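Enquirer: Before I ask anything, here is the structure I am working with.
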C-alpha cells in the first residue's frame, strides 16, 4: 500500500517538498559560507580580486567576440556582487576601503633602483 502512495500524486508532492526543503537548506548554507568569507579580510581580498577580474568595475569598447566573452565573465562577477550586497553590504564598504588603502600603499611605495623588485611575486621590476 505504501508503494501506491509514493507512486501517486501525493508521493510526488512529498518528493517536491523534500526537494524544495533541501534547496532551501543548501541556499542557507551557501549564504552562511558567504558571510563567513566576507567577514575575514583575506576573504574580502579574494572577493575583490574575483570581482575585478570578471570586469564588474570596468567598461570599454572592443570587438564583438571579446565583448561577448567579457560580458559573460562580468555576468559571473555581477552575481557575486549581488550576493555581497544582499548578504554583507557593510563588508562591501569595508572591502572597498581595504582595496583603496592597498592601492594607496602600492602607489606610495618607492621604486627600487636598477630595476630590482622587492622579492614579491607580483612586484614589477
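Quick note: the coordinates plus some simple rules give every number you see, no bench work behind them. Everything numeric here is computed off the predicted structure, so don't read it as measured data. Quick reminder, even Gly has a Cβ in these numbers, built from the backbone with ideal geometry, and neighbours come from all protein chains shown.
Enquirer: Students often check this: by mean Cβ neighbours within 10 Å, which of 38-49, 64-75 ranks highest, and how do the rest follow?
Expert: Put in order of decreasing packing, that is 38-49, 64-75.
Enquirer: Ordered by packing density, taken as the mean number of other Cβ atoms within 10 Å over each peptide's residues, highest first, how do 52-59, 19-26 rank?
Expert: Averaged packing, sorted descending, gives the order 52-59, 19-26.
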